[in-house]
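The values are calculated or read from the model by the stated rules, or taken from the named source; none is laboratory data. Owing to the predicted nature of the structure, the values given are computational and were not obtained by experimental measurement. Counting neighbours? That spans all protein chains shown, and the Cβs are built from the backbone with ideal geometry, glycine included. For the accessible areas, the whole protein counts, side chains as well, though only heavy atoms, and no ligand, DNA or RNA atoms are used. Shrake-Rupley method; radii C 1.70, N 1.55, O 1.52, S 1.80 Å.
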Amino acid sequence: MVRRTKADALATRHQILDAAEAEFLARGVAHTRLQDVAAAAGVTRGAIYWHFQDKAELFNAMMERAFLPCEGAAERALAVAGDDPLAQLHEMAVAPLRAMAESEQVQRVFRIAMHQTEYTAELAPVQERYLEGSGEFQQQLADALQRADALGWLRPGLTLEAVALGLFALVDGLMHHWTLRPGGFDLVTCGETA
């Protein structure tokens, strides 16, 4: 029996995750069998079970490996926009769109998560990550809006939470629609002008 190194095992794990991305995107998560992933990865089903308990764990690992567009948007905005609250807010709204447009992996994983997945109980951790990340991003938008509101631009009667939710819905909706037909419109330009 050939002994495998940790590097070999890690390379096999990434090979399986890459194949899972391709198969989930092509077939949908519910219609992809582990045998399909094994064949695409050029490994046995046993190799998959060595790394992952089941398809749900494989899917969760694929999602964990990906950087989702809204994650880290606030930090990137502060780094780019400095102390200007309106520039920070603008950058926070556009940063996820840029992340999506610039990374094929982000595009694939987001398409899978948004269009190729039924969120059953076994996939609940991924949906929870999305909901937590969305809530965190909305709070960061509300914080940026509050800093911007110190300039007095927010219309009376609007709550920061409502405006943050609306801005998040715009960003999320643009990404959702764009992943239905990548290249159908310029995602970043549309987001910057919306």
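If a residue has to be open to solvent by 60 Å² or more (accessible area, probe 1.4 Å) and assigned to a helix (DSSP H, G or I) to count, how many in segment 116-126 make the cut?
Of the residues in segment 116-126, 3 are open to solvent by 60 Å² or more (accessible area, probe 1.4 Å) and assigned to a helix (DSSP H, G or I).
Filter segment 163-187 for residues that are open to solvent by less than 30 Å² (accessible area, probe 1.4 Å), within 18 Å of the chain's Cα centre (by Cα) and among the hydrophobic types (A, V, I, L, M, F, W, C) and give the result.
Selection gives Phe168, Val171, Leu174, Met175, Trp178, Leu187.
So which of Leu180, Leu167, Leu160 is under 22 Å from Leu78 (Cα atoms), in contact (Cβ under 8 Å) with a residue 40 or more places away in the chain, touching a helix residue (DSSP H, G or I) at 6+ places or on another chain (Cβ under 9 Å) and not β-branched (Val, Ile, Thr)?
Leu167
In segment 130-141, which residues are in contact (Cβ under 8 Å) with a residue 24 or more places away in the chain, open to solvent by 40 Å² or more (accessible area, probe 1.4 Å) and within 12 Å of the chain's Cα centre (by Cα)?
Tyr130
Which numbered condition in (1) in contact with a Lys or Arg (Cβ under 6 Å, 6 or more places away or on another chain); (2) within 30 Å of Glu91 (Cα to Cα) is the only one that Asn60 fails?
(1)
Listed here are the residues, each with its yes/no results for (1) more than 24 Å from Arg65 (Cα to Cα); (2) in contact with a Pro (Cβ under 6 Å, 6 or more places away or on another chain).
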residue	(1), (2)
Phe110	no, no
Glu122	no, no
Leu131	no, no
Ala142	yes, no
Arg147	yes, yes
Pro156	yes, no
Arg181	no, no
Gly191	yes, no
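Would you say Gln88 is open to solvent by 30 Å² or more (accessible area, probe 1.4 Å) and either within 19 Å of Leu160 (Cα to Cα) or not β-branched (Val, Ile, Thr) (or both)?
Numbers: open to solvent by 30 Å² or more (accessible area, probe 1.4 Å): no; either within 19 Å of Leu160 (Cα to Cα) or not β-branched (Val, Ile, Thr) (or both): yes.
No.
Between residues in segment 3-27 that are within 19 Å of Tyr49 (Cβ to Cβ) and residues that are modelled with pLDDT of 95 or more and not in a helix (DSSP H, G or I), which pairs lie under 6 Å by C-beta distance while being six or more apart or on different chains?
Glu23/Thr32; Phe24/Thr32
Return the only residue of Arg98, Arg129, Arg108 being in a helix (DSSP H, G or I) and closer than 18 Å to Leu78 by Cβ.
Details: Arg129 fails: closer than 18 Å to Leu78 by Cβ; Arg108 fails: closer than 18 Å to Leu78 by Cβ.
Result of the check over Arg98, Arg129, Arg108: Arg98.
Please list, ordered by residue number, the helices (runs of 4 or more DSSP H) wholly in segment 1-68 having 3 or more residues that are surrounded by fewer than 14 Cβ atoms within 10 Å (Cβ to Cβ), at pLDDT 95 or above and of a type in the set (A, V, I, L, M, F, W, C).
none
Step by step: first the residues of segment 69-85, then only those that are acidic (Asp, Glu) and without any contact (Cβ under 8 Å) to a residue 40 or more places away in the chain, then the one that is most open to solvent (accessible area, probe 1.4 Å). Which residue is that? Spell out the reasoning first.
Quick first cut of segment 69-85, residues acidic (Asp, Glu) only: 71, 75, 83-84.
Retained after the next criterion (residues that are without any contact (Cβ under 8 Å) to a residue 40 or more places away in the chain): 75, 83-84.
Working: Glu75: 111, Asp83: 148, Asp84: 76 Å².
Among those that are acidic (Asp, Glu) and without any contact (Cβ under 8 Å) to a residue 40 or more places away in the chain, it is Asp83.
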